[in-house]
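The next block holds one structure in the form of structure tokens; read it before the comments.
The values are calculated or read from the model by the stated rules, or taken from the named source; none is laboratory data. Note that the structure is predicted; figures quoted are calculated from it, not measured. Please note that ligands, DNA and RNA were not included when accessible areas were found on the heavy atoms of the full protein model with its side chains. Shrake-Rupley method; radii C 1.70, N 1.55, O 1.52, S 1.80 Å.
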Amino acid sequence: MFFELDDIDLDNINLNPDFLTRQSLYREYQKKGLDGVKADIQELADSIRSVGLLQPISVTPTAYKQYDLVIGLRRFLAAKLLKWKTIAAQVII
């Protein structure tokens, strides 16, 4: 398995439930959107805002500039909460 680091547009990342380990958080996000999980990820978002993203998320490519999230659902949602356009990611190839 190889990977490359890249900044990826958050809008190009799909949440594939087959990969995600935090199923309850994923289901809550699917039902209620970002506001529904805000309380769960606010502390992480505050930490990322103050010290930065320490660990990139991991994604796998699915189509041209489209990716499935493999690892990092909470970081992904925190970046959305912070209104980031892109996020650092390990692209698993």
Cα convex hull volume per residue for the chain (Å³): 93 Å³
Accessible-area composition of the chain, carbon plus sulfur, in percent [1.4 Å probe]: 50 percent
Solvent-accessible heavy-atom area per residue, rounded to whole Å², over the range 9-93 at 1.4 Å: 59 Å²
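How many percent of DSSP beta bridges within the chain run antiparallel, rounded to 5? Intermediate values should be presented prior to the final figure.
Numbers: 12 of 17 bridges.
Given both bridge residues lie in the chain, the antiparallel proportion sits at roughly 70 percent.
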